[in-house]
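The values are calculated or read from the model by the stated rules, or taken from the named source; none is laboratory data. Being a predicted model, the structure only gives us computed values, none of them experimental. We place every Cβ from the backbone using ideal geometry, glycine too, and count neighbours over all the protein chains shown.
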Amino acid sequence: MVDKNHFKTGVLNRKAEDFLDERETILWRGIPKKFAYVLGKTIKMAPIAIVWLIFDLGFIIAAAAFGGEQIGAIWLILIPFFAIHMTPVWIWLAGLLKAAKETKTIEYVITDKRIIEFRGEPKYLASQIPLKELKDAVLERGIVDKILKVGDIHIEAKDGKRIVLFDTPNSIYMHTKILELCGTKSKTDEFYENHHACDHCGSYYDSKVSKCPNCGAPKDKSKRK
């Protein structure tokens, strides 16, 4: 859902608060973790682009080293050839720049009435789900996500609409809070019931552990979910 007011004059530099109702309160707001988001958007093509770049650079260096007196004429051929041949590298670099720019234009907001995804410059309301229409939330965390301490939270409405909070820091904590808003039980409940929530950083950890593995806070400064 795109807010039509986005296309009217006088909407530059709008804040999330400008889209809210008069008595609507923000409970949480966040943005994707930049490095994790960019990596997630470009990692699949990275191996191909890097190998392609190494191969082409090696060929260019070899041509420069052994071109001899005809190096000038060789460059007239090589420059346009490799400009086209390195297309996979240019596509990958363009993806990096695009993803990096997107991290500056994406914002997620949870209010006491709805969950909202904002995008773009100027900011516009890209999608929203009223809290009363929430159905479920699923947390996805790959190996890289766990290393970077982020996760993707897939939020589903009763009518099938979805919002994904990409590369959300402290995603385990946010996931359980969104589940509370959904008011539904899920398979992850057993996890939360047997883990502690750190008061210092909000991370969950096994109740048998004496301190938070994320920030080091001792268990006596944590609370049981």
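Residues being closer than 18 Å to Cys198 by Cα and hydrophobic (A, V, I, L, M, F, W, C): count how many of those fall in the stretch 160-178.
Qualifying residue count, the stretch 160-178: 3.
All but one of (1) surrounded by 15 or more Cβ atoms within 10 Å (Cβ to Cβ); (2) small (Gly, Ala, Ser); (3) under 30 Å from Asp56 (Cα atoms) hold for Ala126; which doesn't?
(3)
Could you please tell me which pairs satisfy a Cβ distance under 8 Å, a separation of 6+ or placement on different chains, a first residue in the stretch 78-104 that is closer than 16 Å to Ile48 by Cβ, and a second residue that is exposed (fewer than 12 other Cβ atoms within 10 Å of the Cβ) and not acidic (Asp, Glu)?
Hits for this filter: zero, empty list.
Can we say Asp167 is in the same structural domain as Ile26 (by TED's automatic domain parsing), surrounded by 13 or more Cβ atoms within 10 Å (Cβ to Cβ), farther than 30 Å from Asp18 by Cβ and at pLDDT 90 or above?
In short, no.
Can you say whether Glu140 is acidic (Asp, Glu) and in contact with a helix residue (DSSP H, G or I) (Cβ under 8 Å, 6 or more places away or on another chain), as far as the supplied structure shows?
It is false that Glu140 is acidic (Asp, Glu) and in contact with a helix residue (DSSP H, G or I) (Cβ under 8 Å, 6 or more places away or on another chain).
Just checking, how many residues over the stretch 29-49 are exposed (fewer than 13 other Cβ atoms within 10 Å of the Cβ) and either out of contact with any helix residue (DSSP H, G or I) (no Cβ under 8 Å at 6 or more places or on another chain) or within 17 Å of Arg119 (Cα to Cα) (or both)?
Total satisfying the criteria: 2.
Going residue by residue through the stretch 87-100, is there one that turns out to be over 17 Å from Glu180 (Cβ atoms) and either of a type in the set (Lys, Arg) or in contact with a strand residue (DSSP E or B) (Cβ under 8 Å, 6 or more places away or on another chain) (or both)?
Scanning the stretch 87-100 turns up at least one residue that is over 17 Å from Glu180 (Cβ atoms) and either of a type in the set (Lys, Arg) or in contact with a strand residue (DSSP E or B) (Cβ under 8 Å, 6 or more places away or on another chain) (or both).
I need a count of the residues in the stretch 129-154 that are in a strand (DSSP E or B) and either within 12 Å of Gly40 (Cβ to Cβ) or outside the structural domain of Thr176 (by TED's automatic domain parsing) (or both).
The first filter runs over the stretch 129-154 and keeps only residues in a strand (DSSP E or B), leaving 129-130, 134-140, 150-154.
Filter again for either within 12 Å of Gly40 (Cβ to Cβ) or outside the structural domain of Thr176 (by TED's automatic domain parsing) (or both), leaving 140, 150-152.
Of the residues in that region, 4 qualify.
Is it true that Asp189 is assigned by TED's automatic domain parsing to the domain that holds Leu27 and either at pLDDT 90 or above or more than 20 Å from the chain's Cα centre (by Cα) (or both)?
Details: assigned by TED's automatic domain parsing to the domain that holds Leu27: yes; either at pLDDT 90 or above or more than 20 Å from the chain's Cα centre (by Cα) (or both): yes.
In short, yes.
Inspect all residues belonging to the stretch 103-119 and state whether any of them is surrounded by 12 or more Cβ atoms within 10 Å (Cβ to Cβ) and farther than 29 Å from Lys158 by Cβ.
yes
Could you check the stretch 141-161 and list, in sequence order, the residues that are surrounded by fewer than 19 Cβ atoms within 10 Å (Cβ to Cβ), without any contact (Cβ under 8 Å) to a residue 24 or more places away in the chain and closer than 25 Å to Lys113 by Cα?
The answer is His154, Glu156, Gly160.
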